[in-house]
1. Based on this model, can you work out whether residue 339 counts as more than 15 Å from the chain's Cα centre (by Cα) and open to solvent by less than 10 Å² (accessible area, probe 1.4 Å)?
2. Can you tell me which residues in segment 285-319 are part of a loop (DSSP other than H, G, I, E, B), out of contact with any His (no Cβ under 9 Å at 6 or more places or on another chain) and touching a residue at least 24 places away in the same chain (Cβ under 8 Å)?
3. Any idea which residue in segment 253-267 is farthest from residue 330 (Cα to Cα), counting only those that are open to solvent by 10 Å² or more (accessible area, probe 1.4 Å) and within 15 Å of the ligand (Cβ to nearest atom)?
4. If I filter segment 69-81 for residues that are more than 28 Å from residue 24 (Cβ to Cβ) and open to solvent by 10 Å² or more (accessible area, probe 1.4 Å), do I get at least one hit?
5. Report whether or not residue 107 is away from the ligand (no atom under 16 Å from the Cβ) and either open to solvent by less than 10 Å² (accessible area, probe 1.4 Å) or among the small types (Gly, Ala, Ser) (or both).
6. If only one of 41, 66, 87 is crowded, with 21+ Cβ neighbours inside 10 Å and within 16 Å of the ligand (Cβ to nearest atom), which one is it?
Amino acid sequence: MPVITTIEDLRSLARRRVPRMFFDYADSGSWTEATYRANEADFQAIKLRQRVAVNMEGRSLHTRMAGQDVAMPVALAPTGLTGMQHADGEILAARAAASMGVPFTLSTMSICSIEDVAARTQSPFWFQLYMMRDRAFMESLIERAKAARCSALMLTLDLQILGQRHKDLKNGLSAPPKPTLANLLNLGSKPRWCWHMLHTQRRQFGNIVGHVKGVADMSSLSGWIAQQFDPRLTWADVEWIKQRWGGRLILKGILDEEDARLAADTGADAIVVSNHGGRQLDGAPSSIHALPGIVDAVGDRIEVLLDGGVRSGQDVLKAVALGAKGTLIGRAFLYGLGAMGEEGVRTALRIIQRELDLTMAFCGRTDICQVDRSVLLPGTYPTAALYR
Ligand code: FNR
């Protein structure tokens, strides 16, 4: 077993253990992957200010995200097909998040259903919703999230139509995988994954199959999304969801200042500055570049969270310094899950927590709630003026 000290170590192990089509599904972005790469690269370009001879005892990473106490400003992002990175993946990730004191978000497109995750975990989790054409199904999903006592609803606004990832098309992505010769040969080299998968019944989209009339199987994900996701979504629908849910609402997929203002007008509790991890509009700016302008545009009218490219505690500190109340991590936890199941997700969170704690200390700060852009080296970070 290799010694794991970074998220990249987890990624390498996941690449060995997860079938190619699911590893590629997590590990890629749309079209040229320029935005996907920029999400990480733009974090790296930002430099930190080292400070010395400051009392660093008694540090705290505790803060609040979307009205909830969290052990650090990190939550697990909603990711589809998580139960294909590792059998029962959503349940394992939710447990790992709870044990580390951070929120877990269950995707509409999860393998384990809302009810299943609620029954097998103790802490309330967040539920992510995609707007589909079938409004009766939308209402039933919202009711199911309420019945499962989900503590926030996250409505994703940037995937009414699906961006194209070349590898998914070439690999013939489906859940479960089709028994083609290429797939069978690849599965043959992933005995751990197969063993766990043979010991679970959860191999379909748990929130959907069996709940929507006429949907017994949705092996072709992109075809189903094209049919069911509603391309007519507007701010009026956001209001419709808000009325029906009645609880904490987070709007995900905001990348533009004008959209951020409109999102704040809805009275939602938080927005997530996000380009869907570089999986939708290739050529859009990185999330960290878009952040300062959006923070500037909304002021304190709405809480601002960020995801996209967060691979370390340094990245979390930089996002917080530029005005995010917290971050969401997608791939960083998926690599952990694929590598080592529940313990892998915990490892990913521990790595990020330790990096965040040490980095904050090196910058001469002891409380994450007091961190602002003065921990960053002027001239190295994006500003609100960047896209004006
Ligand atoms: C996602 N993302 C996503 N978002 C969402 O709202 N619903 C979903 O079902 C999914 N599915 C999904 C699958 C996979 C494999 C990935 C990598 C991402 C986007 C996700 O919530 C988040 O915005 C990004 O993952 C953040 O970028 P990083 O942390 O992966 O760089």
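1. Taking the combined requirement at face value, the residue satisfies it.
2. Passing the criteria: 285, 286, 301, 302, 309, 310, 311, 312.
3. 255
4. yes
5. no
6. The conditions single out 66.
The values are calculated or read from the model by the stated rules, or taken from the named source; none is laboratory data. Here the structure is a predicted model, which is why all the values come from computation and not from measurement. Note: ideal-geometry Cβ built from the backbone for every residue, glycine included; neighbour counts use all protein chains shown. For accessibility, only protein heavy atoms count, side chains too; no ligands or nucleic acids. Shrake-Rupley method; radii C 1.70, N 1.55, O 1.52, S 1.80 Å.
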